[in-house]
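Chemist: The structure that follows is given in the form of structure tokens.
The values are calculated or read from the model by the stated rules, or taken from the named source; none is laboratory data. Every value quoted in this text rests on a predicted model; they were computed, and no experiment measured them. Every residue, glycine among them, receives a Cβ derived from its backbone with ideal geometry; neighbour counts consider all protein chains shown. Please note that ligands, DNA and RNA were not included when accessible areas were found on the heavy atoms of the full protein model with its side chains. Shrake-Rupley method; radii C 1.70, N 1.55, O 1.52, S 1.80 Å.
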Amino acid sequence: MRLLGLTVRLGGSLNGVRPPAIAWTAAILAAGAANAGNLVTNPSFENGTQGWTRYPTAWPTCATPVGEGQGWVGVRLACGVPPPAMGWRQSVPIAAGALYRVGVKFRAENLSAEGDLTLVFRGPAGVVWQTGVEAFAGKWPWSQAAWVVRAPSGATTVEVRVGVTAGIEGEAAFDDVLLEELAPAPPLEVVVEATRLVGRIRNLNQTNRGPVADLRTGGRVDFTPQLREAAVTAIRTHDVHTAYDLSLLFPDPAADVASPSSYDFAGTDQAIRQAQAGRFEVFFRLGESYGGPKSPRMSSARWAEVVRRVVEHVNGDFAAGLGAGVRWWEIWNEANGPLFWSGSAEEFYDFFARAALAVKAADPAALVGGPGMAGHTDERWLRGLLRH
């Protein structure tokens, strides 16, 4: 792919008000050719790790380097808590403002971390900008990722890094690292006539947790003013560790699903009222927080029945129902990674489908989505869910 300069001109009027003529240059992706060869030394690790150094210099004992001397490099993790980011790096001189194609071949096995190729642009004053290519997690066969980037103003070198961030278990491997300069591309002109309003883009400013949150240092704080100032419109109820986790709402997995006494909705009701008092929509994640159960603790069919009762309470009259009118319902979190799901992909597909039908049975007007994925590039897993 090639990065093209893009000139945009705005004209016309919007709601009867004609704006001043506006033009600016941006960037878009298209096809193109390289100026020179690969700028990375020993990009395929055929000479071991010559040209590369580890970061940090000393790795924790729970991280083991693999692949060195075999034509690739990798890291195997078996950690209780996520260690610092780690991997291999080398510094390459670059020209500020120039276009570069960057790429890497990668593989993953049960990876709880985020694997990635990262670029750290530096100038005389230090780090100018840092960016990744395409983060990956979970299980991947050898695959290819590529991207085009423009070196920022003031940058004289770029540190090319391959490694993992926030990992607990699994393995990531890297090969065939690419950094090549691209020929400048001619600009394309796109004219936008702002003569009529055709629709509005929904505000997607959202946040996990809140607006009232427990602090790690103790105590509670109400972030409503700050969230309102940031134009946050919705609260996603994930990683609250109270109130929304199904293992807390329905503590005994063997209890009577139809009995209101089997549920504990007090914390949930309070949290939803706090969100709605701040004029935030609730994006209700049906599942577990980090560190909670990695399975529903019961059959998928039975869990779906619990979900139905939860929705009937929140939006209906079950168990002194709240009648909150919550529209958005998300099923589970990061089920394609090992931190939140212990079963197979096919087991989750069935689990998701049953729960989605249960939400709609309890409230036909509800909108069902999710799951938030671990590593947004896991296309095969997502396609499997959509096919199911």
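Chemist: Would you mind stating whether ARG297 is at pLDDT 95 or above, of a type outside the set (Gly, Ala, Ser), within 30 Å of GLY80 (Cα to Cα) and open to solvent by 40 Å² or more (accessible area, probe 1.4 Å)? Walk me through how you get there before you give the answer.
Modeler: Values: at pLDDT 95 or above: yes; of a type outside the set (Gly, Ala, Ser): yes; within 30 Å of GLY80 (Cα to Cα): yes; open to solvent by 40 Å² or more (accessible area, probe 1.4 Å): yes.
Yes.
Chemist: Across the stretch 119-136, what is the total count of residues that are within 18 Å of the chain's Cα centre (by Cα) and within 24 Å of SER44 (Cβ to Cβ)?
Modeler: So the count comes out to 6.
Chemist: Across the stretch 325-348, what is the total count of residues that are farther than 14 Å from ALA374 by Cβ, in a loop (DSSP other than H, G, I, E, B) and of a type in the set (A, V, I, L, M, F, W, C)?
Modeler: So the answer is 1.
Chemist: Within the stretch 146-161, is there a residue that is hydroxyl-bearing (Ser, Thr, Tyr) and within 23 Å of the chain's Cα centre (by Cα)?
Modeler: no
Chemist: Let me ask something else about it. With (1) closer than 21 Å to THR157 by Cβ; (2) modelled with pLDDT under 55; (3) aromatic (Phe, Trp, Tyr) as the list, and TRP24 as the residue in question, which single condition is left unmet?
Modeler: Here TRP24 meets the rest and fails (1).
Chemist: Out of LEU382, LEU322, I need the residue that is of a type in the set (A, V, I, L, M, F, W, C), open to solvent by 30 Å² or more (accessible area, probe 1.4 Å) and part of a loop (DSSP other than H, G, I, E, B). Which one?
Modeler: Of the residues listed, the single one that is of a type in the set (A, V, I, L, M, F, W, C), open to solvent by 30 Å² or more (accessible area, probe 1.4 Å) and part of a loop (DSSP other than H, G, I, E, B) is LEU322.
Chemist: Select from the stretch 225-245 the residues that are open to solvent by less than 30 Å² (accessible area, probe 1.4 Å) and touching a Lys or Arg at 6+ places or on another chain (Cβ under 8 Å) and list them in ascending order.
Modeler: Result: ILE235, THR237, HIS238, TYR244.
Chemist: Please specify each residue of the stretch 334-352 satisfying the condition of being modelled with pLDDT of 95 or more and crowded, with 21+ Cβ neighbours inside 10 Å.
Modeler: Those that are modelled with pLDDT of 95 or more and crowded, with 21+ Cβ neighbours inside 10 Å: PHE348, PHE351.
Chemist: Just to verify a result, which residue in the stretch 263-288, among those that are closer than 15 Å to ALA213 by Cβ and among the small types (Gly, Ala, Ser), is most open to solvent (accessible area, probe 1.4 Å)?
Modeler: It comes out as ALA277.
Chemist: Contact list please: Cβ distance under 7 Å, first residue in the stretch 268-294 and more than 16 Å from LEU249 (Cα to Cα) and assigned to a strand (DSSP E or B), second residue of a type in the set (Val, Ile, Thr) and open to solvent by less than 20 Å² (accessible area, probe 1.4 Å), pairs at least six apart or on different chains.
Modeler: VAL282/ILE235; VAL282/THR237; VAL282/ILE272; VAL282/VAL326; PHE283/ILE235; PHE283/THR237
Chemist: Do you know which of the residues in the stretch 358-372 that are open to solvent by 50 Å² or more (accessible area, probe 1.4 Å) and in contact with a helix residue (DSSP H, G or I) (Cβ under 7 Å, 6 or more places away or on another chain) is nearest to GLY170 (Cα to Cα)?
Modeler: Per the criteria, the residue is VAL368.
Chemist: I'd like the residue in the stretch 197-224 that is without any contact (Cβ under 8 Å) to a residue 12 or more places away in the chain, basic (Lys, Arg) and part of a loop (DSSP other than H, G, I, E, B) and, out of all such residues, is least open to solvent (accessible area, probe 1.4 Å).
Modeler: Per the criteria, the residue is ARG202.
Chemist: Which residue out of GLU347, GLU334, GLU305, GLU312 is acidic (Asp, Glu) and closer than 30 Å to ARG228 by Cβ?
Modeler: GLU334
Chemist: Can you tell me how many residues within the stretch 151-196 are over 24 Å from ALA137 (Cβ atoms), open to solvent by 50 Å² or more (accessible area, probe 1.4 Å) and acidic (Asp, Glu)?
Modeler: So the count comes out to 3.
Chemist: Let me ask something else. Where residues in the stretch 251-262 are assigned to a helix (DSSP H, G or I) and among the hydroxyl-bearing types (Ser, Thr, Tyr), which of them is surrounded by the fewest Cβ atoms within 10 Å (Cβ to Cβ)?
Modeler: If we take residues in the stretch 251-262 being assigned to a helix (DSSP H, G or I) and among the hydroxyl-bearing types (Ser, Thr, Tyr), then SER261 is surrounded by the fewest Cβ atoms within 10 Å (Cβ to Cβ).
Chemist: Another one. Under 8 Å between Cβ atoms, at least 6 apart or on separate chains: pull out the pairs that start in the stretch 329-344 with a residue that is under 24 Å from ALA234 (Cβ atoms) and end on any residue that is of a type in the set (Val, Ile, Thr) and assigned to a loop (DSSP other than H, G, I, E, B).
Modeler: Sorted first by the residue in the stretch 329-344, then by its partner, the pairs are LEU339/ILE168.
Chemist: Given the options GLY163, GLY267, GLY170, name the one that is under 30 Å from CYS62 (Cβ atoms) and touching a Leu at 6+ places or on another chain (Cβ under 8 Å). Don't jump to the end; show me each part of the working.
Modeler: Numbers: GLY163 fails: touching a Leu at 6+ places or on another chain (Cβ under 8 Å); GLY267 fails: under 30 Å from CYS62 (Cβ atoms).
That would be GLY170, the only listed residue that is under 30 Å from CYS62 (Cβ atoms) and touching a Leu at 6+ places or on another chain (Cβ under 8 Å).
Chemist: Still on this model: Can we say LEU248 is aliphatic (A, V, I, L, M) and either within 21 Å of the chain's Cα centre (by Cα) or in a loop (DSSP other than H, G, I, E, B) (or both)?
Modeler: When the stated conditions are applied, LEU248 does not pass them.
Chemist: Separate question: Condition first: closer than 30 Å to LEU111 by Cα, at pLDDT below 85 and either of a type outside the set (Gly, Ala, Ser) or not in a strand (DSSP E or B) (or both). Can you find one or more residues in the stretch 144-160 that meet it?
Modeler: Checked against the condition, which is being closer than 30 Å to LEU111 by Cα, at pLDDT below 85 and either of a type outside the set (Gly, Ala, Ser) or not in a strand (DSSP E or B) (or both), the stretch 144-160 yields no hits at all.
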